[in-house]
Amino acid sequence: METIRHLIDGDEVDSRDGATFESVDPWTRQPWARVALGGAADAARAVTAARRAFDSGPWPRMGFAERGAILHRFADLIEAHTGELAMADTRDMGKPITDATTKDVPRTAQNYRFFADHARLAIAEALPMDTGHHAYTRYEPAGVAAAIAPCNFPLMLESWKVAPALAWGNTVVLKPAEDTPVSASIMARLAVEAGLPPGVLNVLHGFGPDSAGAALTADPRVDRITFTGESGTGRTIAAAAAANLTPVSLELGGKGANLVFDDAELAGAVDWSIRAIFTNAGQVCLAGSRLYVQRGVYEEFLARFVAAAEALVLGDPKDPATQLGPLASLTHYRKVRGYVDAVEAHGGKIATGGLVEDGSWRVRPTVVTDAPPDAPVRREEIFGPVVTVTPFDDEAEAVAGANDSPYGLNAMVFTENLSRAHRVAAALRAGTIWANCFFVRDLRAPFGGVGDSGVGREGGNFSREFFTEPKAVVMALRAR
Ligand code: NAD
């Protein structure tokens with residue numbers, strides 16, 4: 001068994017009361033790591049360390065180039081430890097090792113590099129005023145950031161928060177998801193090795209309610225809360241943040257609509273639609289879980305889509321050939337199972353897929369047709385490999401169907417008609433629209449959701465706005 005402790009003030013420490021919990025490998029269904037279970041006292045200790053590092057340590061006072069050099073060294077170390085980091089996420093949550101190795105870890109390193117360079121090269125506004133004054137903006141670090149992360153892309157999603165927070169001179173307390181604690185601790189050791197001063201990046205393990213997560217969000221010494229996770233959790237965290245008027249950024253759930261028009265390049269549309277829902281066994285906030293297909297290609301698309309879904313390889317996530325592993329935890333498997341079990345009772349049909357009835361936490365790529373608009377499988381975030389396919393007749397009907405959701409994180413449109421692609425992109429109510437592609441991200445672009453999918457945006461200048469206190473300085477230009 002691995003032993004995972006908190007990293008506070010540069011040291012690996014146990015919880016004050018010695019409490020621990022186990023991280024279970026969802027493939028073997030056996031515990032594989034024993035993890036320090038943080039409570040209020042540990043959260044307070046981590047915030048104290050981050051506070052001291054911010055208030056009197058070198059990090060916020062360093063030049064961008066010096067901070068950037070440390071973050072680049074950190075990225076180098078992440079790349080050098082790709083195998084170990086990837087295996088930690090694979091064992092913690094069942095992510096296929098090929099995805100972890102070729103996508104999650106390299107993107108994590110890229111994120112640290114990007115935000116280090118972005119901060120160094122950022123331009124601040126200067127405003128020559130008609131009144132004989134000159135105004136300019138200073139982007140000053142906000143302070144201590146609490147980053148609370150989900151279980152589906154552990155390292156990578158943590159880096160979307162930690163990298164900009166650090167690059168802009170903040171100190172951080174990161175609380176990884178309880179299902180995926182291990183890679184964060186490995187990463188934290190690498191941060192120390194890269195030269196981050198003590199207290200700049202602290203990793204606190206534990207659960208949410210009545211545990212490390214809730215204690216962090218209630219601490220008035222925290223200046224920013226950045227959260228990615230379920231919409232319900234987001235509501236709880238927003239309420240906790242409101243008590244201290246702490247600015248909060250919420251990246252929440254999704255129910256992505258995926259529109260395939262008659263004129264789409266069909267092979268590409270099938271391929272992207274498969275990736276959009278079955279990557280990471282559907283445990284993706286951006287999953288294209290509601291497919292809408294124009295009637296002229298509906299039958300052909302469905303036949304090809306079902307065949308491609310059936311060809312995906314389910315198996316041991318440690319096997320490089322595996323495309324779908326088990327679901328991240330038993331609790332989550334039971335939730336997904338509940339949706340699959342209820343499909344027919346709500347009027348839907350399973351075209352392919354269903355549960356693997358062997359005691360494992362596996363669900364086959366599952367394609368549901370004929371689900372009515374109000375069926376839970378069509379309305380609620382399942383966060384598993386389950387997609388509904390619905391025919392439509394025209395553009396207006398497709399857009400109305402896509403927008404009929406409390407979520408608004410992302411949507412996809414597949415068409416060869418350029419005007420339609422732009423028209424539909426403008427009409428869809430979501431934070432990101434992908435036309436003839438999926439999951440392509442430029443870190444300068446805004447990322448976030450509308451409605452139940454979140455509050456605020458991450459990426460480039462959007463992350464700068466969140467992790468800094470912009471300050472206006474107005475100078476009088478005297479004649480002498
Ligand atoms: P979750 O909400 O169960 O947990 C996320 C984190 O919040 C964990 O670290 C957990 O310990 C913590 N937490 C739970 N209750 C808390 C509380 N009361 N106070 C403080 N912290 C608390 O989410 P999950 O199951 O880990 O992740 C899946 C969800 O995340 C899905 O809804 C998915 O769509 C969403 N997600 C969104 C994005 C995005 O960018 N919008 C990205 C990935 C995942």
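The set of residues in region 291-313 that are under 29 Å from Glu357 (Cβ atoms) and either in contact with a Pro (Cβ under 8 Å, 6 or more places away or on another chain) or surrounded by fewer than 17 Cβ atoms within 10 Å (Cβ to Cβ) (or both) comprises Ala303, Ala307, Ala309, Glu310, Ala311, Leu312, Val313. Out of the strands (runs of 3 or more DSSP E) lying entirely within region 100-157, which hold 1 or more residues that are among the polar types (S, T, N, Q)? Those strands (runs of 3 or more DSSP E) span 133-141.
Of these, Glu158, Glu140, Glu84, which one is in contact (Cβ under 8 Å) with a residue 12 or more places away in the chain, of a type in the set (Asp, Glu), crowded, with 16+ Cβ neighbours inside 10 Å and on the phi < 0 side of the Ramachandran plot?
Being in contact (Cβ under 8 Å) with a residue 12 or more places away in the chain, of a type in the set (Asp, Glu), crowded, with 16+ Cβ neighbours inside 10 Å and on the phi < 0 side of the Ramachandran plot holds for just one of Glu158, Glu140, Glu84, which is Glu158.
Among (1) closer than 30 Å to Leu216 by Cα; (2) in a helix (DSSP H, G or I), where does Ile277 come up short? Going through (1) closer than 30 Å to Leu216 by Cα; (2) in a helix (DSSP H, G or I) one by one, Ile277 breaks only (1).
Condition check ((1) within 14 Å of the ligand (Cβ to nearest atom); (2) farther than 29 Å from Ala427 by Cβ; (3) touching a helix residue (DSSP H, G or I) at 6+ places or on another chain (Cβ under 6 Å)) across all residues:
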| residue | (1), (2), (3) |
| --- | --- |
| Ala257 | no, no, yes |
| Gln283 | yes, no, no |
| Arg304 | no, no, yes |
| Ala309 | no, no, no |
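Asp92 - would you say it is under 30 Å from Asp319 (Cβ atoms), touching a strand residue (DSSP E or B) at 6+ places or on another chain (Cβ under 7 Å) and touching a residue at least 24 places away in the same chain (Cβ under 8 Å)? Taking the combined requirement at face value, the residue satisfies it.
Is it true that some residue in region 371-393 is β-branched (Val, Ile, Thr), over 24 Å from Val450 (Cα atoms) and not assigned by TED's automatic domain parsing to the domain that holds Thr228? No, region 371-393 has no match at all. One residue alone among Val144, Val173 is in the same structural domain as Ala241 (by TED's automatic domain parsing), under 23 Å from Asp219 (Cα atoms) and in contact with a Ser or Thr (Cβ under 6 Å, 6 or more places away or on another chain), and that residue is Val144. Annotation note: of Val340, Val377, the sole residue that is in a helix (DSSP H, G or I), under 28 Å from the mean Cα position of the chain (by Cα), free of Cβ contacts under 8 Å to residues at least 40 places away in the same chain and crowded, with 18+ Cβ neighbours inside 10 Å is Val377.
Residues Val35, Val47: which one is at pLDDT 95 or above, open to solvent by less than 10 Å² (accessible area, probe 1.4 Å) and not in a helix (DSSP H, G or I)?
Only one candidate passes the filter, namely Val35.
In region 198-209, is there at least one residue being in the same structural domain as Pro60 (by TED's automatic domain parsing), of a type in the set (A, V, I, L, M, F, W, C), more than 28 Å from Val24 (Cβ to Cβ) and touching a helix residue (DSSP H, G or I) at 6+ places or on another chain (Cβ under 6 Å)? Yes, because at least one residue in region 198-209 is in the same structural domain as Pro60 (by TED's automatic domain parsing), of a type in the set (A, V, I, L, M, F, W, C), more than 28 Å from Val24 (Cβ to Cβ) and touching a helix residue (DSSP H, G or I) at 6+ places or on another chain (Cβ under 6 Å).
In this structure, does His346 turn out to be modelled with pLDDT of 95 or more and within 16 Å of the ligand (Cβ to nearest atom)? Against the criterion (modelled with pLDDT of 95 or more and within 16 Å of the ligand (Cβ to nearest atom)), His346 does not qualify.
Residues in region 266-278 that are surrounded by fewer than 23 Cβ atoms within 10 Å (Cβ to Cβ) and either in contact with a His (Cβ under 9 Å, 6 or more places away or on another chain) or over 20 Å from Asn417 (Cβ atoms) (or both): Ile274, Arg275. Can Ala75 be described as of a type in the set (Gly, Ala, Ser), open to solvent by less than 50 Å² (accessible area, probe 1.4 Å), more than 22 Å from Phe207 (Cβ to Cβ) and in the same structural domain as His118 (by TED's automatic domain parsing)? Yes: the conditions hold for Ala75.
Counting only strands (runs of 3 or more DSSP E) that fall entirely inside region 386-476 and contain at least 3 residues that are surrounded by fewer than 18 Cβ atoms within 10 Å (Cβ to Cβ) and touching a residue at least 60 places away in the same chain (Cβ under 8 Å), the qualifying elements are 468-476. Could you say which residue among Gly63, Gly68, Gly18 is in contact (Cβ under 8 Å) with a residue 60 or more places away in the chain and in the same structural domain as Met187 (by TED's automatic domain parsing)? On inspection, the qualifying residue turns out to be Gly68.
Quick one: is Pro406 in contact with a Pro (Cβ under 7 Å, 6 or more places away or on another chain) and within 16 Å of the ligand (Cβ to nearest atom)? For Pro406, the condition - in contact with a Pro (Cβ under 7 Å, 6 or more places away or on another chain) and within 16 Å of the ligand (Cβ to nearest atom) - is not met. For region 243-250, state whether one or more residues are touching a Lys or Arg at 6+ places or on another chain (Cβ under 7 Å), assigned to a helix (DSSP H, G or I) and at pLDDT 95 or above. No, region 243-250 contains no residue that is touching a Lys or Arg at 6+ places or on another chain (Cβ under 7 Å), assigned to a helix (DSSP H, G or I) and at pLDDT 95 or above.
The values are calculated or read from the model by the stated rules, or taken from the named source; none is laboratory data. For clarity, every value in this text was computed on a predicted model and none was experimentally measured. Using ideal geometry, Cβ is built from the backbone for each residue, glycine included, and neighbour counts are taken over all protein chains shown. Accessible surface areas use protein heavy atoms only, side chains included; no ligands, DNA or RNA. Shrake-Rupley method; radii C 1.70, N 1.55, O 1.52, S 1.80 Å.
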